[in-house]
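The structure under discussion is supplied below as structure tokens; questions concerning it will follow.
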Amino acid sequence: MTDFASLLVADRGQNAHPIHLVDKESFDGWLKKRPAEDRALLKAQRFDGKKPFAFALLPRGNGFEVVSAVKNSAKLSPWCLAKLAEGLPEGTYKLAEGEAGTAMLGWLLAQHRFDSYRSNKDEPESGDRILVTGEAAAIDQIVRVAEATALVRDLVNTPAADLGPAELEQAVRDEASRSGAQLRVTAGKELVDGYPLIAAVGGAATHERAPRLIELEWGKPNNPRIAIIGKGVCFDSGGLDLKSAAGMRLMKKDMGGAAHALALARLIIGERLPVQLHLLIPAVENAVSGAAYRPGDVVKSRKGTFVEIDNTDAEGRLILADALTRAAEGDPELIVDFATLTGAARIALGPDLPALFANLDELASTVERFAREAKDPLWRMPLWEPYDEMLKSDIADFANASNSPMGGCITAALFLQRFVPEGMSWAHLDTYAWRDQAKPGRPKGGDALGLRAVFAMLADRYSGG
Ligand code: BES
Ligand code: ZN
Ligand code: ZN
């Protein structure tokens with residue numbers, strides 16, 4: 001893992017290349033105050049301060065200064081400095097005026113590479129770009145958020161062959177041993193008896209990649225209890241309702257919810273939030289074999305209700321259902337789940353906006369507010385009760401999918417809601433956990449979407465405890 005702490009250091013007067021940030025409004029005024037040779041150099045480099053992320057170098061004796069355009073130099077976003085951190089030569093840098101604030105995150109993440117599967121790791125642009133900051137008190141938290149984000153990216157990017165339920169368990173185990181948290185793993189007969197839906201979905205791979213429920217408990221028992229749940233489908237072939245080749249191509253990322261949940265647990269523990277944390281990760285592979293669960297099967301859930309399997313590709317909601325039941329047994333004051341649950345959420349909102357569902361308006365608006373503040377956008381969708389009838393079953397209590405594709409992310413969320421007790425606060429994020437196109441600081445591949453929003457909400461809710 002990238003050593004983020006070495007890339008962001010407190011200002012002790014060390015030598016650093018100054019970085020001047022300008023924007024459309026401020027550039028002309030700034031330029032006027034520069035010596036004539038700077039103006040000539042910037043003109044020669046066609047730097048006009050108007051294109052965010054563009055930058056130019058101004059030689060100074062043996063060294064140089066940097067000037068970079070940003071959208072709004074008075075209000076930096078997390079990604080403003082990412083292109084600089086990707087493109088500048090190795091060295092130590094410092095903003096010439098003001099402080100980087102949240103843009104420190106992009107500085108760090110721009111330097112994270114997923115190179116476990118590259119034989120030549122020394123890419124030409126490698127070498128550390130260190131940022132010196134006067135905001136020493138903010139360093140630790142920014143580094144933790146960068147680490148948590150990189151954890152999500154790396155787990156999601158890891159091929160399914162190398163990240164099955166056992167490896168996901170190991171990742172949670174590592175977190176537990178680092179933090180002194182309790183770990184419990186339920187598998188085998190106990191899983192079949194206690195978590196029938198998780199066992200059913202993982203049934204096809206019982207011998208090769210056994211399904212399990214991974215739970216971590218951390219924090220003082222008298223603190224408010226919260227449950228964080230993540231969908232851990234290590235590969236989603238669709239099961240007997242097999243996906244098409246195109247539909248299956250990215251399904252190593254179907255444990256993206258679990259990666260978000262684990263990263264959030266890590267942030268909560270790192271920040272020592274005064275909560276009693278219950279992390280639940282149902283981990284399975286949705287595979288095909290003679291032991292696979294079938295369309296038309298009926299499974300009695302942990303809660304006791306009978307679920308007819310309409311479609312084996314709607315597996316995420318099944319494993320989450322038993323995990324939600326388990327979480328609710330601990331009587332938490334809040335449950336948050338993350339899941340790469342539906343293609344429908346992507347059709348509705350595109351790749352960048354996780355769909356947020358919440359059974360309390362106040363909880364939804366708080367998450368929305370922190371999403372805006374953390375520049376980690378998401379969008380609320382309705383738990384529209386009339387669509388509940390789309391999940392009716394001819395022979396069981398209800399089915400796991402509707403026979404119409406309409407409102408697919410809503411019917412999935414309504415399915416989950418059946419496993420949340422009346423009156424218990426619950427938020428559900430249907431997230432893509434992936435970036436199809438690279439942006440500064442955010443390479444193509446696995447990504448955390450919605451993580452910082454929920455963490456900011458929790459940090460505020462439980463601050464000062
Ligand atoms: N893991 C998929 C959802 C998914 C697909 C997320 C593509 C991101 C990108 C999920 O298990 C699934 O297959 N859902 C089905 C549900 C349907 C069968 C009711 C879907 O969304 O098509
Ligand atoms: Zn599926
Ligand atoms: Zn899935």
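Bear in mind these aren't lab numbers, they're just calculated from the coordinates by the rules spelled out. From a predicted model like this one, the values you see are computed outputs, not experimental measurements. Cβ placement follows ideal geometry from the backbone for every residue including glycine, while neighbour counts extend to all protein chains displayed.
What is the fewest-to-most order of Lys50, Lys253 by other Cβ atoms lying within 10 Å of their Cβ?
On the way: Lys50 11, Lys253 25.
With the sparsest Cβ surroundings first, the list reads Lys50, Lys253.
Which cross-chain or sequence-distant (5 or more) residues have an amide H under 5 Å from the amide H of Leu383, H modelled 1.01 Å from N in plane?
So Leu383 has HN proximity to Ala358.
Just from the alpha-carbon atoms, what are the Rg and Dmax of segment 384-465 in angstroms?
According to the Cα coordinates of segment 384-465, Rg and Dmax are 17.5, 52 Å.
Sticking with this one: What order do you get for His428, His17 when you list them from fewest to most C-beta neighbours inside 10 Å? It would help to have the intermediate numbers written out before the result.
Numbers: His428 29, His17 20.
The fewest-first ordering by Cβ neighbours comes to His17, His428.
Now, a different point. In deg cm²/dmol, rounded to 500, what helix-only [θ] at 222 nm does the chain give when every DSSP H run of at least 4 residues adds -39500 (n - 2.57) and the total is split over its residues?
Values: 15 runs with 150 residues, N = 465.
After summing the helix terms and dividing by residue count, I get -9500 deg cm²/dmol.
Oh, and also: Considering the Cα trace of the chain, what is its radius of gyration and what is Dmax, both in angstroms?
Over the chain's Cα set, Rg and Dmax evaluate to 23.9, 82 Å.
What nm value, rounded to one decimal, do you get for the distance between Ser244 and Ala74 when each label is placed 7 Å out toward the C-beta?
That separation, rounded to one decimal, is 5.0 nm.
Using θ = phi - 60° and the Karplus relation 6.51 cos²θ - 1.76 cosθ + 1.60, list the HN-Hα couplings for segment 314-323 in order, rounded to whole Hz, with x at every Gly or Pro.
After applying 6.51 cos²θ - 1.76 cosθ + 1.60, I find 9, 8, x, 5, 5, 5, 5, 4, 5, 5 Hz.
Continuing with this model, one more query. Starting from the coordinates of the alpha-carbon atoms of segment 85-215, obtain the Kirkwood hydrodynamic radius over all distinct pairs and give the value in Å to one decimal.
On the way: mean 1/r = 0.0551 Å⁻¹.
It works out to 18.1 Å.
Taking only C-alpha pairs under 8 Å that are 6+ residues apart, what is the relative contact order of the chain in percent? Spell out each step's value before the answer.
Values: 1019 pairs, mean separation 69.8, N = 465.
After rounding, I find 15 percent.
Looking only at segment 401-438, which residues have a backbone nitrogen under 20 Å from a spot 7 Å from the Cα of Asp297 in the C-beta direction?
Answer for segment 401-438: 401-403, 416.
So how do Trp79, Trp107 line up by other beta-carbon neighbours within 10 Å, fewest first?
On the way: Trp79 23, Trp107 28.
In order of increasing Cβ crowding within 10 Å: Trp79, Trp107.
How large is ³J(HN,Hα), in whole Hz, for each residue of segment 425-438 in order, when computed from phi with the Karplus curve 6.51 cos²θ - 1.76 cosθ + 1.60 and θ = phi - 60°, using x for Gly and Pro?
My calculation for segment 425-438 gives 5, 8, 10, 10, 10, 8, 10, 7, 6, 8, 10, 7, 10, 5 Hz in order.
Sticking with this structure for a sec: Report, for the chain, the % of DSSP beta bridges that are antiparallel, rounded to 5. Present the calculation step by step, with values, prior to reporting the outcome.
Details: 28 of 64 bridges.
Here the antiparallel bridges make up roughly 45 percent for the chain.
Here is a further query. Out of all DSSP beta bridges in segment 215-359, what portion is antiparallel? Express it as a percent rounded to 5.
Looking only at bridges with both residues in segment 215-359, the antiparallel portion is about 35 percent.
Another question about this same structure. Can you give the local net charge around Asn311? Use residues other than it whose beta-carbon is closer than 13 angstrom to its beta-carbon, Lys and Arg +1, Asp and Glu -1.
Values: positive: Lys243, Arg294, Arg317; negative: Asp236, Asp241, Asp297, Glu308, Asp310, Asp313, Glu315.
After counting each charged neighbour, the total is -4.
I need the calculated FRET efficiency for the pair Met1 and Lys439, taking r as the beta carbon distance and R₀ as 30 Å, to the nearest 0.05.
Numbers: r = 22 Å, r/R0 = 0.72.
For R0 = 30 Å, the calculated efficiency reads 0.90.
What are the equivalent ellipsoid semi-axes of segment 167-284, built from the alpha-carbon gyration tensor (square roots of five times its eigenvalues), in whole angstrom, biggest first? Present the calculation step by step, with values, prior to reporting the outcome.
Details: eigenvalues 156, 53, 24 Å².
Semi-axes (√(5λ), whole Å): 28, 16, 11.
Further question: Whole-Å semi-axes of segment 310-465's equivalent ellipsoid, largest first, each the root of 5 times a Cα gyration tensor eigenvalue?
On the way: eigenvalues 133, 86, 33 Å².
Calculated on Cα positions only, the semi-axes equal 26, 21, 13 Å.
Now for a different question. Suppose the chain between Ala161 and Trp379 were pulled fully straight at 0.36 nm per residue; how much longer would it get relative to their current alpha carbon spacing?
Here the answer is 75.2 nm.
In 10 Å bins starting at 0, how do the alpha-carbon pair distances of segment 350-393 split up by percent?
25, 44, 23, 8, 0
Right, another one. Please compute, for the alpha-carbon atoms of segment 228-372, the extent along each of the three principal axes and give them in descending order in Å.
Dimensions of segment 228-372 along the principal axes of its Cα atoms: 47, 35, 29 Å.
Still on this structure, please answer the following. Within the set of other residues whose C-beta is less than 13 Å from the C-beta of Pro59, count the net charge using Lys and Arg as +1 and Asp and Glu as -1. Present the calculation step by step, with values, prior to reporting the outcome.
On the way: positive: Arg60; negative: Glu37, Asp38, Glu65.
In short, -2.
To continue, here is another question. Taking the simple approach of a point 7 Å from Cα along Cα-to-Cβ for both Glu422 and Lys50, what is their distance in nm?
It works out to 6.2 nm between the two label points.
Please say if segment 5-145 is rounded, prolate or oblate, where rounded means a/c under 1.5 for a ≥ b ≥ c the square roots of the C-alpha gyration tensor eigenvalues, and otherwise the choice is prolate for a/b larger than b/c and oblate otherwise?
Numbers: a/c = 1.71, a/b = 1.42, b/c = 1.21.
It comes out prolate by the Cα gyration axes.
At a Förster radius of 60 Å, what calculated FRET efficiency corresponds to the Cβ-Cβ distance of Asn311 and Ala10, to the nearest 0.05? Kindly include the intermediate steps, with their values, before the conclusion.
On the way: r = 54 Å, r/R0 = 0.90.
It comes out at approximately 0.65.
Out of residues 5 or more away from Ala399 or on other chains, whose amide H comes under 5 Å of its own, with H placed 1.01 Å from N in the peptide plane?
Glu308, Lys392, Ser393
What does the extension gain come out to for Arg39 and Ile395, with contour length at 0.36 nm per residue minus their alpha carbon separation?
On the way: separation 356, 0.36 × 356 = 128.16 nm, distance 7.74 nm.
Taking Arg39 through Ile395 to full extension adds about 120.4 nm, to one decimal.
Here is a further query. Determine, from the Cβ-Cβ distance of Asn223 and Ile347 and an R0 of 41 Å, the FRET efficiency 1/(1 + (r/R0)^6), rounded to the nearest 0.05. Can you show the working numbers first?
Details: r = 40 Å, r/R0 = 0.97.
Calculated value: 0.55.
Around Phe398, what is the net charge, scoring Lys/Arg as +1 and Asp/Glu as -1 over all other residues with Cβ under 13 Å from its Cβ? The partial results should precede the final answer.
Values: positive: Lys300, Lys303, Arg317, Lys392, Arg418; negative: Glu308, Asp310, Asp388, Glu389, Asp394, Asp397.
Result for the neighbourhood of Phe398: -1.
Can you work out the Karplus-derived ³J(HN,Hα) for every residue in segment 145-151? Use 6.51 cos²θ - 1.76 cosθ + 1.60 with θ = phi - 60°, whole Hz, and x for glycine or proline.
With the stated coefficients, segment 145-151 comes to 5, 4, 5, 5, 5, 5, 4 Hz.
Compute from the Cα atoms of segment 160-217 the Rg and the Dmax, the latter being the longest Cα-Cα distance, and quote both in angstrom.
11.9, 34
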